[in-house]
Amino acid sequence: MKNPNFNQTFILQTDASGVGVGAILSQGEENLDEGPVAYFSKKLLPREQAYSTVEKECLAIILAIKHFSAYLIGRSFIIQTDHRALQWLHKFKEKNARLTRWSLILQPYNFTIQHRKGVANANADALSRLERKSTSCQRGREEIWFLSSVESRAD
């Protein structure tokens, strides 16, 4: 991993699978000194797992941009995805309601989308396929009572 250099362009590599999304924020020249700055992955909710492939890939971009917004807002950056259809996302006129909402979320950002072959996108792909076990609490809700008192003396 490397420290971010705000004088260099950020590269956001994203991918989605049937179970999750993954992203890598990196910097540097491709195949030279490109190195990761940060990683992100998230398990998809059941309703998100039902999205079309295009919607899942777009969701990966939305979630990654939100996660890394402190690095990306106000500067140009490159999004690399293995789904060629997303290259026209910001130009396409007839979108469903979900894609329209996502387009509005993306408006404040200045980015270029590049297609990256799936083989070259292996790192983000691996993050999107991680199996995560649920960590939800199985115990019942506990009630905790606090008693606060203040004593005052009149002299």
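The values are calculated or read from the model by the stated rules, or taken from the named source; none is laboratory data. Just so it is clear, the model here is predicted, and its values are computed rather than measured. No Cβ is skipped: glycine too gets one built from the backbone with ideal geometry, and neighbour counts run over all protein chains shown.
Going through the range 37-55 one residue at a time, which ones are farther than 22 Å from N110 by Cβ and either of a type in the set (A, V, I, L, M, F, W, C) or touching a Ser or Thr at 6+ places or on another chain (Cβ under 8 Å) (or both)?
Going residue by residue through the range 37-55, those that are farther than 22 Å from N110 by Cβ are 39, 41-55.
S41, L44, L45, A50, V54 - these are the residues of the range 37-55 that are farther than 22 Å from N110 by Cβ and either of a type in the set (A, V, I, L, M, F, W, C) or touching a Ser or Thr at 6+ places or on another chain (Cβ under 8 Å) (or both).
Inspect all residues belonging to the range 44-60 and state whether any of them is part of a loop (DSSP other than H, G, I, E, B), small (G, A, S) and modelled with pLDDT under 90.
Initial filter on the range 44-60 (part of a loop (DSSP other than H, G, I, E, B)): 44-45, 50-52.
Checking which are small (G, A, S) leaves us with 50, 52.
Next, only the ones that are modelled with pLDDT under 90 stay: 52.
Yes: the range 44-60 contains one or more residues that are part of a loop (DSSP other than H, G, I, E, B), small (G, A, S) and modelled with pLDDT under 90.
Whether a residue is of a type outside the set (V, I, T), out of contact with any Phe, Trp or Tyr (no Cβ under 7 Å at 6 or more places or on another chain), within 19 Å of K2 (Cβ to Cβ) and not in a strand (DSSP E or B) was assessed, and A70 passes this test. Selection of the range 88-127 for residues being part of a loop (DSSP other than H, G, I, E, B), more than 14 Å from T14 (Cβ to Cβ) and at pLDDT 85 or above yields Q107, P108.
The set of residues in the range 73-86 being closer than 14 Å to T53 by Cα and either modelled with pLDDT of 80 or more or polar (S, T, N, Q) (or both) consists of T81 alone. Scanning the range 10-43 for residues that are crowded, with 16+ Cβ neighbours inside 10 Å and more than 15 Å from the chain's Cα centre (by Cα), we see that the one that is modelled with the highest pLDDT is Q27.
Scanning for something in contact (Cβ under 8 Å) with a residue 60 or more places away in the chain and in contact with a helix residue (DSSP H, G or I) (Cβ under 6 Å, 6 or more places away or on another chain), does the range 32-44 turn up at least one residue? Yes, because at least one residue in the range 32-44 is in contact (Cβ under 8 Å) with a residue 60 or more places away in the chain and in contact with a helix residue (DSSP H, G or I) (Cβ under 6 Å, 6 or more places away or on another chain).
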